[in-house]
């Protein structure tokens, strides 16, 4: 049975993870990343990867799953931004 704390954490994880989907879709469709800050997305992606490691270390599945998905989404935007800067 899921505790109230785990339930709240899981809902928060879903919300914060899903928040990146519109940005990824818009960036992918338009290829316009001029409004995306490279330093911000770099720092954010590193932070999410560290949260993922933390989740693994404490074996907390909501933290692991949410940050694994968020890391993929943030990395996608970061890679698109790098490609736009490097004209690849």
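We did not get these values from a lab; they are worked out from the coordinates using the rules stated. Predicted model only: the values in this text are computed from it and were never measured. Counting neighbours? That spans all protein chains shown, and the Cβs are built from the backbone with ideal geometry, glycine included.
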Which distance in nm do the two modelled labels at residue 42 and residue 83 give, with both placed 7 Å along the Cα-to-Cβ direction?
-> 2.0
For residue 19 and residue 34 in the same chain, what is the full-extension length gain: residue separation times 0.36 nm, less their Cα-Cα distance, in nm?
-> 3.5 nm
Stretch gain in nm, segment residue 50-residue 65, where the contour uses 0.36 nm per residue and the Cα spacing is subtracted | 4.1 nm
Hey, of (1) 32, 16, 13; (2) 28, 20, 12; (3) 28, 14, 8, which did the structure itself give for semi-axes √(5λ) of the Cα gyration tensor in Å when calculated?
-> (3)
Within the chain, helix-based [θ] at 222 nm, where runs of 4 or more DSSP H residues each add -39,500 (n - 2.57), nearest 500 = -27500 deg cm²/dmol
